[in-house]
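I have placed the structure first, in the form of structure tokens, so that the comments after it can refer back to it.
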Amino acid sequence: MLLNERYIGLMSGTSVDGVDAVVADFSDEKVTTLGHVYMPFTAALRAQLQALMQSGADEVERAGDASVALAHAYADAVAQLLANTQLAAIDIAAIGAHGQTIRHRPERGFTTQLNAPAHLSELTGITVVADFRSRDVAAGGQGAPLVPAFHAAVFQGEKPRAVVNIGGIANVTLLPAKGSLDTVRGFDTGPGNTLLDAWCERHTGKPYDAGGAWGAQGHVDHKLLAALLDDDYFRQAAPKSTGRERFNLAWLDAKLQNQARDIAPQDVQSTLAALTARTISDAIQGSGASACFVCGGGVFNLSVMRGLPVELQAQSTAVLGVAPMHVEALAFAWLARRCFASAPGNVPAVTGARGLRILGAVYPA
Ligand SMILES: Nc1ncnc2c1ncn2[C@@H]1O[C@H](COP(=O)(O)OP(=O)(O)O)[C@@H](O)[C@H]1O
Ligand SMILES: [Mg+2]
């Protein structure tokens, strides 16, 4: 009998926009995407999850309720995915479910992804692999980013390349030329879309700046940009990872207050796009990468994309045959398979862990 090599990956990132679900076939060491479903969170679930990103009253109760709601949202995405691809639960080896990060404190030994894998397994009848990050953190690592091993598996080329994921937080993977894996590097560069989304929502009521068009009406304020860049995180050497506990509206408001002058909202938005682009560029320039491939929702923000230096020739990962919104979810399908194969999923040079570790906990169907 042929080994079942079909895995589902579920990713809901720091943008808290919804869940990207993919089913992939990994037969013959190739990655074939059989289907993709994007399900936005309901406004209620989005609010519930966002509220849990800061300390507050009754957190344990609220986290419990939110995890169960999340499992139902994930299960709906899986059901839709199976219907679209005419596959059944039995056709799937496992689901890799990242969960929703609500707190990321690797320096204190923990990173918390809300998830209810037991519920998800009950609801879908499929084995679930969850909790991918905590083992790397226990081994002294950042637990993030975890996508570089997958990027290396699918995106390595003849020459060094950079792969950038622009989600709520942005992360970069620096891939050496084919054949040498031990020099893969990667880290979170800082805010991707999270500040852009929050500022856009405050001033326009829309959850994100479609195409970057609103920000494009403004101009980069170079004094503000310099102030935003003046944060220890950007000076810190890798391995490093970050989250919304650092880069949020309170952080931006404090920076704006220090400016003690009025800056038009569109100019702030334009400057935030420049901040994302600049911190990504700084991570890549000097690395030897001759090409740059971008995934995650930030690829659709043209203000961010235009801010990347022309010599990097940033293009969507679509040109490599992988749609930009599939990449992260595929990575968690791939990591679930690694867990099943008892193969490590982290890159210690990226996360800073003491060594290679098998990532994830299994909830059998
Ligand atoms: N058409 C678009 N124009 C500009 N930005 C977009 C567009 N579509 C998605 N985005 C951005 O991408 C984000 C979602 O990206 P995603 O890769 O799912 O991030 P995460 O992994 O953090 O959930 C949205 O919050 C938004 O900022
Ligand atoms: Mg998302």
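Every number here is computed from the coordinates shown, using simple stated rules; none is lab data. Note that the structure is a prediction, hence the values are computed from the model and not measured. Cβ placement follows ideal geometry from the backbone for every residue including glycine, while neighbour counts extend to all protein chains displayed.
A convex hull fitted to the Cα coordinates of the chain yields 133 cubic angstrom per residue.
Under a Cβ-Cβ cut-off of 11 Å, what is the net charge of the residues other than PRO145 that fall near it, where Lys and Arg count +1 and Asp and Glu count -1?
Numbers: positive: ARG133, ARG185, LYS240; negative: ASP136, ASP188, GLU328.
With Lys, Arg at +1 and Asp, Glu at -1, the net is 0.
Sorted ascending by nearby beta carbons within 10 Å, beginning with the fewest, TYR363, TYR7 become TYR363, TYR7. Extension gain, LEU356 to LEU249, is 34.9 nm, computed as 0.36 nm per intervening residue step minus the present C-alpha separation. Bridges between two residues of the range 148-313, per DSSP, are antiparallel at a rate of about 70%. Here the Gaussian network model covers the chain, with springs between Cα atoms less than 10 Å apart; of ALA24, ALA254, ALA149, ALA254 fluctuates the most.
The relative contact order of the range 198-316, computed from alpha carbon pairs under 8 Å that lie at least 6 residues apart in sequence, is 36 percent. For the chain, the mean residue ellipticity at 222 nm estimated from helices alone is -11000 deg cm²/dmol, where every DSSP H run of n ≥ 4 contributes -39500 (n - 2.57) and the total is divided by all residues, rounded to the nearest 500. For the range 148-313, the dipole from Cβ point charges (+1 on Lys and Arg, -1 on Asp and Glu) about the Cα centre works out to 240 debye, to the nearest 20.
3J(HN,Hα) along the range 347-364: 10, x, 5, 8, 8, x, 5, 5, x, 5, 9, 7, 9, x, 10, 9, 10, x Hz, from the Karplus curve 6.51 cos²θ - 1.76 cosθ + 1.60 with θ = phi - 60°, whole Hz, x for Gly and Pro. Short to long, the 5 Å bins of the Cα pair-distance histogram for the range 248-365 hold 2, 9, 13, 14, 15, 15, 13, 9, 6, 3, 1, 0 percent of all pairs.
The distance separating the Cα centre of the range 8-32 from that of the range 142-204 comes to 16 Å. Dipole check for the chain: with +1 at the C-beta of Lys and Arg, -1 at the C-beta of Asp and Glu, and the Cα centre as origin, the magnitude is about 680 Debye.
Using only side-chain charges placed at the Cβ, +1 for Lys and Arg and -1 for Asp and Glu, the dipole size of the range 83-153 relative to its Cα centre rounds to 300 debye.
Give me the percent of Cα-Cα pairs in the range 1-97 that sit more than 19 Å apart, rounded to a whole number. Taking all Cα-Cα pairs of the range 1-97, the fraction more than 19 Å apart is 47 percent. For the chain, the longest principal axis of the C-alpha atoms and the axis of helix 265-284 are separated by about 60°. When only alpha carbons are used to place a centre, the range 283-352 and the range 66-82 end up 25 Å from one another. Eigenvalues of the alpha-carbon gyration tensor of the range 40-139, scaled by 5 and square-rooted, set the equivalent ellipsoid semi-axes at 26, 18, 10 angstrom, largest first. The Rg/Rh ratio for the range 148-313 is 0.98, where Rg is the radius of gyration of the alpha carbons and Rh is the Kirkwood radius.
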